[in-house]
Every structure is written in structure tokens, then in C-alpha cells.
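Before any comments, here is the structure.
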Amino acid sequence: MIKQLVLFSKSNKEIQNLNVYENKLVIDCSKVIETTTSFDIEIEFEVKISSFRNHDYTWQDVNSDRIANEYTPKIIKLADGNYVQANMNQGIWEVHKKNPYKLIWKFNPQFSKPITQYVGSNVQKRIYQANSKVAFVATPTLLFSKIGAIEISRSKIPFSAIACFTDHCDFDTLDNLKVQRQLFSETNIKVTKGFFINHFSKRNDNASHENDKQELDLWQANGHEMCYHSLSQSIKSDNESFSDFEKFTNPYSSEVWIDHGYQPYNFSLFKNHPKLESTYETLLKQKDVKILWNYIDSGTATTGVINQLNGNHFTLNSFLKGNKNLSTMKLMQAMIKNIVFHYLNEEKIITNYKATAQNFKKIVFQRKFKIIPKFIKDFAILFSSIASVLLFWNSKKNKIFKLSKYTPLFFKHTILNEEFVVFQTLEMIDFSKSLQESNINLLIKEAGIFIAHTYFSDSVAYHEGKMLTKDNAIEKQVAINFNYLGLKIAENKIWNPTLSELVSYFEVLDQTVISFDENGKFVLNNNQLVPVRMIK
């Protein structure tokens, strides 16, 4: 049945004996995990892989490359009729169309657990792989069956879609908070709502716990989860910021922290400040913070782009198709931004993009003509990078963004000694497009998931599809969309957890182990906690 099994890491190659016993192949990884945090298990079968269980719980052929991340089924069907599945949720499965005999089980491949850090005086953006050791809940094992496979639901509502909102409070005021809360009360939608503890802002009406505790208390009373969006809207001096971070109390027992701006105590920035580096994780733990945002979006939601588990949603072609109604100028601007921040996503190019935009404004609005040579240099580098994509459009348009290839949702990261959960989001700006009926139906059809990175009170003039009108009313189409979403939640077609609820359930999935009993039937170590079904 199996021709060869090899463990690969950067420094080692280990060929293992093949011992299938009682329909199980136990894979001994004890040596490799002592020396590395990233490795692959390559399993070559004697017969072809005929079908691959997809993220949407359907069987797919292997005429295309297939990937199953940590929250999708790891099940294949062989040409001889055998079903093969993993005994646990951990790792990523890949099958390449060029070799349909080979299954690759990857642990911590590059970009599967990406984290943003802003470094240096210019706060340049860099992407790092999370500090995450491989700690198995059970020894990796392949289970073989002739009668079918057991499939586990990633949703509490069996095999449904999942919609989770994490809202950034940058533009919140007391008045628009009330309007938002009323909408969610009417539609029975729950969100994870960011808030500022302290009032320190250029805008006097900016909402904060310091000034608007009574309203924020009502959000929690209505069943929403409150989470930190750093501690204040604007940035204080380093000493004042550090003092705020050390002394703040936890008014809502919040477990979630979402970075805001360039606050020096941010998860993405604290390493720039030696004073914080040694105590950062201790302070977070003292405040009961367990969940951190990685400052990364898989992409930007638009028509046909809504499911974080479907890597094919995160390509330049998908984004282009979803924005064809924009004017030529707006579409060009949106595509350039998408190429720079999602497709290329390289530090130097992003720096050039920002410098080009800033210097263009200085030349046009401030008449600073001395910086024209620098502007031309930066623009030339940026243009070259973008042109390299556009000139080879047909070969690049359907390539999945590198930080979306493995469709990260949640993963573990150890700062020094303490482990935290880190999450990745889907940017959601245009609620008219993102949550239109066809997108909600697509999410349901794919049994997909989004963890939305939103600004419900967004007031940026050039943004399309904002939730609020200038008069602080809910925009008509947005209201229709949220009502439709609420209807599908009520029908149990979509599970609508807060972020902490979703993390808690996924932690149960992480601990779930599948095995056989003495009669050769599938059993789970926590069968009562997760919905399952038999499939053929």
C-alpha cells in the first residue's frame, strides 16, 4: 500500500520502516522534533490518490494542487478503494498534481504562521514565522479504512459556515456606538468589539472606556466580547505609554488584544523597546490577555472573496473580478495596493510604495520640489516591481498570495516562555460588497469562515460601502446585508461566535484524536464535544 515514507527537515532526511498494524501507520517523529521546528513527512503510495477531501467538505480530484490546513479534513481516497486520514488536526496536507502518488504532511512550513513586526526607527514591516515548537497531542498516524472515513466539523453547528467579527474602534464615538449596537441588537449578531481604555485623542468625541463606560458596558451586557485596541487612540510619550501599559486594569476580563497604530507597547512593536522586551509577556499574562492579532489580513473582502479557508479567493484575479464595477482610476489604485501589500508583500517594495505616496503629496500640496529626485527614484523601483507582475499577468493572476497559501486562522506563538494564540483576519471595508447576499450564500456553500477585520464606524471619505452615513444612520444596503446575515445565523446556516468562543472551540479541535476501538470502529477521545459524521 505504501512504497516509501521519508521525514525531511533542512538538516536531515530520515527513511522509516513501513509497519502498518491494525489499519494504522504510526510515524515516529521523536528524533526530528528534537532538532527542528519545521519538517515534512512524505508518504509515497503504491497506487494513485484518486480524491482529496476539500475545505468545503466535498471530494475533489487531484488534477490541481490540493492543500488541507489545520482546520480542514485530512482525508484522501486511494485508487484501490482505501480511505486514508490523519489521526489529528495538526499539520498541513499537500498533494501536487504532478505526483498523485505522494502525500506531504507538513509541520510549520514557511508562511504558515506569519507574524508582523515593525522594526527600527522607520518602523519597517517585516514578516516572521511564529516561534512555535511542534508539540503533538498524539503520535502522527495514518488510519486506513475500506468502509469510509470520519469527518469532524470545525463549527459548533455541524458543518456550517462561520462568521466572526473583530472591530477596530478608531472612529467610534458615543453616538455612532449606539447606532452600531442597535443594528446588532436587531439582527442578533455578536461581535468582538475593540475599545480604547484611555481617552487620548486628537478628536474630542473619540469613544473610550474612560469617557463612555456606560455605553461600552451595554455592549458587553448585549453579549458582545470587549477587546483591547491598544490603550488609546493617539500616541503618548514612551514613558507615559509604558506607564499606561504597566498599570491598566482589565474592565471586561478581556482575553483579546488587537494592535492599534504604532503604539510602543504593541505586540508588533514591543521588541523595539528593550525596556519592555523582558517583561512584555508577563504583563500580558497578568492582564489575562491570551489572544493577539498578527497584523496580517489574508486579503480584502469583495464580491466573491469571503472565505479565509479558500486560498483561491486570495489571488489578483479574484480581487479584480470582485471590483470590476469601480471606475478605472479607483480600480487601478486598488489593484496597485493589492499587488504591493498582498501579492508581493515585501518590505522594500512596501517602503517604496509608502515613500512614493508621501513624497507625491509633499510635492503637490507642500511644493517641496527638492524631493523630486528621491520621488523619481522610489517611483522607478515601485513601477518596476508592479510592471513585473502586470507583464506576466497570465502566469501570476491566479497565484495565491504567499501569506494566504496555507490559509492561517489561529496558531500558537511563544514570546519568551509564555505561549499565546495569534489570529489572522480578512480585511472588510466595503460592507455593501463583502456581505451581499451572494457572498453570504457562497460562504454557506463552502462551509467557509471569515474572521473579519472591520471598522464599523469608518469615516474615510474615499471608502466605498461604509456602514454609517454622514448622519450616523445605517446605510440602506448595509442594513439589508446584515439583516440577511442575521437571518442565516438564526437558521443555523452560519455560526456567529465571538473570537474567544471560536478560539475555545478550535482548541478542542486541536486536542481531538481519532483512533480505532477493538472492533475496528472509529472513536474520538472527546466524541461528545465535536460534531462528526461518516463519509464515503
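What is the residue count in region 26-78 for residues that are of a type in the set (D, E, K, R), crowded, with 17+ Cβ neighbours inside 10 Å and modelled with pLDDT of 95 or more?
Residues flagged as of a type in the set (D, E, K, R), crowded, with 17+ Cβ neighbours inside 10 Å and modelled with pLDDT of 95 or more within region 26-78 amount to 7.
Out of Asn483, Asn496, which single residue is in the same structural domain as Leu435 (by TED's automatic domain parsing), at negative phi and either acidic (Asp, Glu) or touching a residue at least 60 places away in the same chain (Cβ under 8 Å) (or both)?
Values: Asn496 fails: in the same structural domain as Leu435 (by TED's automatic domain parsing).
The match here is Asn483.
Residue-wise test of (1) at pLDDT 95 or above; (2) within 30 Å of Trp219 (Cα to Cα); (3) out of contact with any strand residue (DSSP E or B) (no Cβ under 7 Å at 6 or more places or on another chain); (4) part of a loop (DSSP other than H, G, I, E, B).
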site: Trp257; (1), (2), (3), (4): yes, yes, no, no
site: Leu292; (1), (2), (3), (4): yes, yes, no, no
site: Gly299; (1), (2), (3), (4): yes, yes, no, no
site: Lys330; (1), (2), (3), (4): no, no, yes, no
site: Val340; (1), (2), (3), (4): yes, no, yes, no
site: Lys361; (1), (2), (3), (4): no, no, yes, no
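Looking only at region 286-321, count how many residues are small (Gly, Ala, Ser) and either in contact with a helix residue (DSSP H, G or I) (Cβ under 7 Å, 6 or more places away or on another chain) or at positive phi (or both).
Of the residues in region 286-321, 4 are small (Gly, Ala, Ser) and either in contact with a helix residue (DSSP H, G or I) (Cβ under 7 Å, 6 or more places away or on another chain) or at positive phi (or both).
Identify all residues within region 224-238 that are of a type in the set (A, V, I, L, M) and over 13 Å from Leu499 (Cβ atoms); write none if there are none. Don't jump to the end; show me each part of the working.
Our first condition is that a residue be of a type in the set (A, V, I, L, M); within region 224-238, this holds for 226, 231, 235.
If the condition is that a residue be of a type in the set (A, V, I, L, M) and over 13 Å from Leu499 (Cβ atoms), then Leu231, Ile235 are the ones that fit.
Inside region 217-234, can you point out the residues that are more than 20 Å from Phe245 (Cβ to Cβ) and not polar (S, T, N, Q)?
Asp217, Leu218, Trp219, Ala221, Gly223, His224, Glu225 - these are the residues of region 217-234 that are more than 20 Å from Phe245 (Cβ to Cβ) and not polar (S, T, N, Q).
Kindly provide the set of residues from region 79-106 that are surrounded by 21 or more Cβ atoms within 10 Å (Cβ to Cβ) and among the aromatic types (Phe, Trp, Tyr), ordered by number.
Selection gives Trp93, Trp105.
Can you tell me which residues in region 414-440 are hydrophobic (A, V, I, L, M, F, W, C) and closer than 23 Å to Ala135 by Cβ?
Scanning region 414-440 gives Ile415, Leu416, Phe420, Val421, Val422, Phe423.
Conditions tested, residue by residue: (1) free of Cβ contacts under 8 Å to residues at least 12 places away in the same chain; (2) surrounded by fewer than 19 Cβ atoms within 10 Å (Cβ to Cβ); (3) part of a helix (DSSP H, G or I).
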| site | (1), (2), (3) |
| --- | --- |
| Val364 | yes, yes, yes |
| Lys374 | no, yes, yes |
| Phe379 | no, yes, yes |
| Leu382 | no, no, yes |
| Ile386 | no, yes, yes |
| Phe401 | no, no, no |
| His413 | no, no, no |
| Leu416 | no, yes, no |
| Thr425 | no, no, no |
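Which condition breaks for Leu142 when tested against (1) more than 19 Å from the chain's Cα centre (by Cα); (2) within 21 Å of Gly448 (Cα to Cα); (3) among the aliphatic types (A, V, I, L, M)?
(2)
Would you check which residues across region 107-130 are exposed (fewer than 15 other Cβ atoms within 10 Å of the Cβ) and at pLDDT 95 or above and list them?
Across region 107-130, the qualifying residues are Gln110, Tyr128.
Taking Phe248 as the residue in question, decide whether it is over 18 Å from Thr166 (Cβ atoms), in contact (Cβ under 8 Å) with a residue 12 or more places away in the chain, of a type in the set (A, V, I, L, M, F, W, C) and surrounded by 15 or more Cβ atoms within 10 Å (Cβ to Cβ).
Numbers: over 18 Å from Thr166 (Cβ atoms): yes; in contact (Cβ under 8 Å) with a residue 12 or more places away in the chain: yes; of a type in the set (A, V, I, L, M, F, W, C): yes; surrounded by 15 or more Cβ atoms within 10 Å (Cβ to Cβ): yes.
Judged against the criteria, Phe248 is a match.
Against the definition (under 30 Å from the mean Cα position of the chain (by Cα), closer than 28 Å to Val530 by Cα and not in a strand (DSSP E or B)), how does Pro100 come out, yes or no? Before you say what the answer is, go through the steps one by one.
Numbers: under 30 Å from the mean Cα position of the chain (by Cα): yes; closer than 28 Å to Val530 by Cα: no; not in a strand (DSSP E or B): yes.
Criteria not met by Pro100.
Please indicate, with yes or no, whether at least one residue in region 133-140 is within 28 Å of Ile400 (Cβ to Cβ), β-branched (Val, Ile, Thr) and in contact with a helix residue (DSSP H, G or I) (Cβ under 9 Å, 6 or more places away or on another chain).
Yes, there is a match, as at least one residue in region 133-140 is within 28 Å of Ile400 (Cβ to Cβ), β-branched (Val, Ile, Thr) and in contact with a helix residue (DSSP H, G or I) (Cβ under 9 Å, 6 or more places away or on another chain).
Conditions tested, residue by residue: (1) touching a residue at least 40 places away in the same chain (Cβ under 8 Å); (2) part of a loop (DSSP other than H, G, I, E, B); (3) assigned by TED's automatic domain parsing to the domain that holds Gly486; (4) surrounded by fewer than 21 Cβ atoms within 10 Å (Cβ to Cβ).
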position: Phe171; (1), (2), (3), (4): yes, yes, yes, yes
position: Val179; (1), (2), (3), (4): yes, no, yes, yes
position: Ser201; (1), (2), (3), (4): no, yes, yes, yes
position: Lys213; (1), (2), (3), (4): no, no, yes, yes
position: Tyr228; (1), (2), (3), (4): yes, no, yes, no
position: Tyr262; (1), (2), (3), (4): yes, yes, yes, yes
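When region 111-159 is examined, which residues are found to be among the β-branched types (Val, Ile, Thr) and not in a strand (DSSP E or B)?
Once the filter is applied, which keeps residues that are among the β-branched types (Val, Ile, Thr) and not in a strand (DSSP E or B), region 111-159 yields Val123, Val134, Val137, Thr139, Ile147, Ile157.
If Lys146 meets every condition in (1) outside the structural domain of Gly520 (by TED's automatic domain parsing); (2) surrounded by fewer than 18 Cβ atoms within 10 Å (Cβ to Cβ) apart from one, which number is that one?
Result: Lys146 fails condition (1) only.
Only strands (runs of 3 or more DSSP E) wholly contained in region 1-83 count here; list those with 2 or more residues that are within 27 Å of the chain's Cα centre (by Cα).
Counting at least 2 such residues, we get 39-45, 49-53, 66-68, 75-78.
Within 30 Å of Gly311 (Cα to Cα) and polar (S, T, N, Q): is that true of Thr356 in this structure? Full working, then the answer.
Working: within 30 Å of Gly311 (Cα to Cα): no; polar (S, T, N, Q): yes.
Here the answer is no, as Thr356 does not meet what is asked.
Here are some residues: Phe411, Phe365. Which one is among the hydrophobic types (A, V, I, L, M, F, W, C) and under 30 Å from Asn131 (Cβ atoms)?
None of the other options fit; the residue is Phe411.
Being touching a strand residue (DSSP E or B) at 6+ places or on another chain (Cβ under 7 Å), within 24 Å of Glu34 (Cβ to Cβ) and either free of Cβ contacts under 8 Å to residues at least 60 places away in the same chain or not aliphatic (A, V, I, L, M) (or both) is the filter here; which residues of region 109-139 pass it?
Once the filter is applied, which keeps residues that are touching a strand residue (DSSP E or B) at 6+ places or on another chain (Cβ under 7 Å), within 24 Å of Glu34 (Cβ to Cβ) and either free of Cβ contacts under 8 Å to residues at least 60 places away in the same chain or not aliphatic (A, V, I, L, M) (or both), region 109-139 yields Pro109, Gln110, Ser112, Lys113, Tyr128, Gln129, Asn131, Ser132, Thr139.
Scan Arg203, Arg181 and give me the residue that is at pLDDT below 95 and among the charged types (D, E, K, R).
Going through Arg203, Arg181 in turn, just one is at pLDDT below 95 and among the charged types (D, E, K, R): Arg203.
The values are calculated or read from the model by the stated rules, or taken from the named source; none is laboratory data. Being a predicted model, the structure only gives us computed values, none of them experimental. When we count neighbours, we look across all protein chains shown, and the Cβ atoms used for this are built from the backbone with ideal geometry, even at glycine.
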